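Below: one structure, written as structure tokens.
The values are calculated or read from the model by the stated rules, or taken from the named source; none is laboratory data. Just so it is clear, the model here is predicted, and its values are computed rather than measured. Ideal geometry is used to build each Cβ from the backbone, glycine not excepted, and the neighbour counts take in all protein chains shown.
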Amino acid sequence: MSGAGAQLIAFLEHMADLYERQSPPSSGTWRFRSFPELLLAEGRLWESSVPYAKSVRWGHRRCWQNASQLADADADLVYAEGLALITVGSLGTEHAWCVRNDAGVVDVTWPAGDGAAYVGLPMIDTWRRKAQAESGHWSLLVSHTKVGQSLLRDGPDPSTLVDIGHPVADIRSRLVQ
């Protein structure tokens, strides 16, 4: 794991800790109190991005829409959503991208090479489309929607995720040992 991957995981740990301290007692019955906590338990890590030969850079600040439409247009790509670290920044930012079967990140929103590390949930297309339609949002990791609340309360159904990328929980357990 690169320094960028470790930095993004450390940022998620810090954010999860902050959310836990600020969460109302009622959220204690939910599986996750925050999306950073969810990503630490269920998320996957990817480091760096690869060029996407079929496209130029897509709309700026439209990552959820860009990644959704790209995954719909290319059956070899999987939509993923979570946090990413830009090479020039030190804080993770909410983001969406696509992943190839070889675990290469395809990010058509950010300029080529700007993504240093990505932690997110790689989602099955049929579930993602249905959840986006139900919530009325391109982004699914938002707590004010039924979809987002369900993800926090119950966690993602394993059948809705694609087994691709490096499990963050496994990486964290190796770091502790």
Which condition breaks for residue 78 when tested against (1) touching a residue at least 60 places away in the same chain (Cβ under 8 Å); (2) in contact with a Phe, Trp or Tyr (Cβ under 7 Å, 6 or more places away or on another chain)? (2)
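Of all residues in segment 14-43, which are in a helix (DSSP H, G or I) and surrounded by fewer than 14 Cβ atoms within 10 Å (Cβ to Cβ)?
To start, the set of residues in segment 14-43 that are in a helix (DSSP H, G or I) comprises 14-22, 25-29, 35-42.
Matches in segment 14-43: 14, 17, 18, 21, 22, 25, 26, 28, 29.
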Sole miss for residue 113 among (1) buried (at least 16 other Cβ atoms within 10 Å of the Cβ); (2) in contact (Cβ under 8 Å) with a residue 24 or more places away in the chain is condition (1)
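Go over the candidates 172, 129 one by one and state the one that is in a helix (DSSP H, G or I) and modelled with pLDDT of 95 or more. Quick ask: steps written out before the conclusion?
Numbers: 172 fails: modelled with pLDDT of 95 or more.
It is 129.
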Scan (1) assigned to a helix (DSSP H, G or I); (2) within 21 Å of residue 2 (Cβ to Cβ) for the single condition residue 68 breaks and write down its number. (2)
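Taking the conditions exactly as written (part of a loop (DSSP other than H, G, I, E, B), loosely packed, with under 15 Cβ neighbours inside 10 Å, hydrophobic (A, V, I, L, M, F, W, C) and more than 12 Å from the chain's Cα centre (by Cα)), does residue 75 satisfy them or not? Reasoning before the result, please.
Values: part of a loop (DSSP other than H, G, I, E, B): yes; loosely packed, with under 15 Cβ neighbours inside 10 Å: yes; hydrophobic (A, V, I, L, M, F, W, C): yes; more than 12 Å from the chain's Cα centre (by Cα): yes.
Here the answer is yes, as residue 75 does meet what is asked.
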